[in-house]
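See structure below.
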Amino acid sequence: MALSRVCWARAVLWGSAITPGPIVTRRLQLVAPALYLFPRQLLIKHFWTPKQQIDFLDIYHALRKQSHSEIISYLESVIPLISDAGLQWHLTELCTKIQNGTHPAVQDILALRECFCDHPLGINQLQALQLKALSRAMLLTPYLPPPWLRRRLKTRITVIHQLDRALVKLGIGQLTAQEVKSACYLRGLNSTHIAEDRCRTWLGEWLQISCNMKETELSLLLHNVVLLSTNYLGTRR
């Protein structure tokens, strides 16, 4: 599908070395206005203008932000189900901080690793509503059966975890400004309006959390898309 969009876009924008037949010409005449009117839906990111990139990334982030409060509320609701009193306290404090507009420290999140290994917050124990909310936060469709949502979320966060390890070896300093912003956006931060140095700081916090997690703790990294991004530099609006 993406390849076909590229082919149509190239044909419309730059023409073709091969003279199209009448059927193709008529189709191009129909497609061209649609590409102009709906670039976000019909064109891949490489064909967006700089202004469109900012506008469309803002739109996508607004969509994933809609699930943030739902995810935090779910975390609050399962606190009584956590057997360890210390973990209950840490999770209560973290939820309260985020709801009050405070950006949590790395250690605030890492203190909860054990909490996200098993019931009720392990990735295999998450309820359907939380799976749907997390899917929206990751810009994945929530309109699938829970086992499929769980599998897709596992795959997505595992890939990000592996990328994090590779990125630590490479070093954030080796990334260009655009690569840093893209890396932050992938992990939940709307980096389009944040200065490069602040993005590098945030990405460093994310990597510190990610690289101190085991595979069994990846449910916490999945929730970190919301926990670490919601209040960074006043991004909660």
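When the charge dipole of the range 136-237 is built from unit charges on Cβ atoms (+1 for Lys and Arg, -1 for Asp and Glu) and taken about the Cα centre, the candidate among Thr158, Pro142, Tyr185 whose Cα reaches farthest toward its positive end is Pro142. Which net charge results for the neighbourhood of Leu139, defined as the other residues with beta-carbon distances under 10 angstrom from its beta-carbon, given Lys and Arg at +1 and Asp and Glu at -1? Value of the local net charge: +3.
Would you please state which residues of the range 53-85 a label at Lys214 would reach in this model, taking the label point 7 Å out along Cα→Cβ and a backbone N cut-off of under 20 Å? From the range 53-85, the list is 82-85. Toward the positive end of the charge dipole of the range 48-228, with +1 on the Cβ of Lys and Arg and -1 on the Cβ of Asp and Glu, the farthest Cα among Leu227, Ala128, Ser77 is that of Ala128. Kindly flag which residue pairs out of Lys51/Lys181; Lys65/Lys214; Lys65/Lys181 have an alpha-carbon separation exceeding 24 Å in this structure. Beyond 24 Å between Cα atoms: Lys65/Lys214. What the range 55-182 shows is 52 Å² of accessible area per residue, with the surface traced by a 1.4 Å probe over protein heavy atoms. Sorting the segments 110-118, 190-198, 218-226 by their mean number of nearby beta carbons within 10 angstrom, highest to lowest, gives 218-226, 110-118, 190-198.
Per-residue packing, averaged as other Cβ atoms within 10 Å, sorts the ranges 123-131, 97-105, 76-84 into the order 123-131, 97-105, 76-84, beginning with the highest.
The share of accessible area on the range 48-228 that comes from carbon and sulfur is 56 percent, using a 1.4 angstrom probe.
The values are calculated or read from the model by the stated rules, or taken from the named source; none is laboratory data. Everything quoted here is computed from the prediction, not taken from an experiment. Because the Cβ atoms are built from the backbone with ideal geometry, glycine has one as well, and the counts that use them run over all protein chains shown. Just so you know, the surface numbers come from the protein's heavy atoms only, side chains and all, with ligands and any DNA or RNA stripped out. Shrake-Rupley method; radii C 1.70, N 1.55, O 1.52, S 1.80 Å.
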